[in-house]
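The values are calculated or read from the model by the stated rules, or taken from the named source; none is laboratory data. In this text the structure is predicted, and so the values were computed from the model without any measurement. Here the Cβ positions follow ideal geometry from the backbone for every residue, glycine too, while neighbour counts run over all protein chains shown.
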Amino acid sequence: MKRKIIDLRRDTITLPTEEMKQFAFQAPLGDSVYGEDPMQNELESLAASLLGKEASIFLPSGTMGNLVALLTHTTRGDEVILEENAHIRTSETGGIGAIAGLMVRTLRGEDGAPDPDDIRRAIRPQDIHYPRTRLICLENTHYRYGGIVPPLEKLRAIKRLAEEAGLRVHLDGARLFNAAVYLGVPARDIAACADTVMISLSKGLGAPVGSLLAGPKDFIEEAKRYRKMLGGGMRQTGWLCACGIVALSPENIARLEEDHRNARLLAERLAEIEGLSVDLSRVQTNFVLLHLHRKDLAAHRFVELLQERGVLATPVSASLVRFVTSREVTREDILEAVEVVKEVLR
Ligand code: TLP
């Protein structure tokens, strides 16, 4: 019997639900570039209110949302402080340099955010020789550290020091709702640690496409110009935005808890297997980072062997493998995947 494919590579594989499709197909449409798409207008208001911001704009991707934020907050040659492994620096094709023309000052923060004292020291004094420190970028959940949630108090301290220093804060909240569900707080409480926030609809929330950038009204007005400049004016967006409205429903947000439970189950079962380890304290949302301790088996080979047996994962380094849970995998799939891992290691 052919095995079902159990796809644990990413949460971006999620397909729209029946409810999204039904809602999308009856959605009224209009030209969003002129503010005439009713669904886009509704989605933008909904996101702004969930994030506690004055306004928001819909964009085709998280990468464009972050880039528009960078362009709107800064002037070419400014410096941005970022956690060393932030997605904006590592995985957005260098747009921060190539398009926004910004200097990057990286600081390490193993819990997902740089230390406030390190940030304080990194802020440039006024001097004709120096670039101007303008912006701090945060990320929650932190992608490269395995979907971890930096402590809220730390983010609040960063926001306070930014205000004192006259800096702005942008939050890459591609998985902000995962963080909110993990902490048991409304997303707006985390969003309050930043002036502007980008959220993705197309990851665990399951919409096919789209992100939102939220912030103060005048900032969002300016951001609309950069969205247009980058080609993000998408005309009749209503079908996509209707899916986004369902994605942001309270039930759909609460459902993320199921992905977190599945990740925890996977992590706990994998941690019991000899030759493997998982830092369970860092399995907080829908990611599991698995450490392979076998000299005879590199991560990429291990992943190939899993794939031959229908389980998809991502090798991250020679000894590290990433698994991501989503609506597309059930508890039964997780238990099945654990059996496949055992089979491969035998
Ligand atoms: N991450 C992608 C890849 O780029 C690795 C993924 O598969 O999850 N911020 C964070 C923290 C992200 O994880 C991502 C996507 C983005 C921004 C960019 O979003 P998109 O893919 O919509 O441009």
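Scoring Tyr34 on the criteria (1) at pLDDT 95 or above; (2) more than 16 Å from the ligand (Cβ to nearest atom); (3) under 30 Å from Val303 (Cβ atoms) leaves a single failure, condition (3).
Taken across region 224-247, residues that are touching a strand residue (DSSP E or B) at 6+ places or on another chain (Cβ under 8 Å) and more than 16 Å from the ligand (Cβ to nearest atom) do occur, with at least one present. In this structure, is Glu44 crowded, with 21+ Cβ neighbours inside 10 Å and not hydrophobic (A, V, I, L, M, F, W, C)? Criteria met by Glu44.
The condition of being under 17 Å from the mean Cα position of the chain (by Cα) and either outside any helix (DSSP H, G or I) or within 30 Å of Cys193 (Cβ to Cβ) (or both) holds for only one of Thr75, Thr63, that being Thr63. Return the residues of region 186-208 that are in a loop (DSSP other than H, G, I, E, B), away from the ligand (no atom under 12 Å from the Cβ) and not aliphatic (A, V, I, L, M); say none if nothing qualifies. Those that are in a loop (DSSP other than H, G, I, E, B), away from the ligand (no atom under 12 Å from the Cβ) and not aliphatic (A, V, I, L, M): Pro186, Cys193, Asp195, Gly206.
Each row is one residue, and each column tells you yes or no for (1) within 17 Å of Asp7 (Cβ to Cβ); (2) modelled with pLDDT under 95; (3) surrounded by fewer than 14 Cβ atoms within 10 Å (Cβ to Cβ); (4) in the same structural domain as Asn85 (by TED's automatic domain parsing).
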| position | (1), (2), (3), (4) |
| --- | --- |
| Ser281 | no, no, yes, no |
| Leu292 | no, no, no, no |
| Lys295 | no, yes, yes, no |
| Leu305 | yes, no, no, no |
| Leu312 | yes, no, no, no |
| Glu328 | yes, no, no, no |
| Asp333 | yes, no, no, no |
| Glu336 | yes, no, no, no |
| Val341 | yes, no, no, no |
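Selection of region 63-94 for residues being within 14 Å of the ligand (Cβ to nearest atom), polar (S, T, N, Q) and touching a residue at least 40 places away in the same chain (Cβ under 8 Å) yields Asn66, Asn85, Thr90, Ser91.
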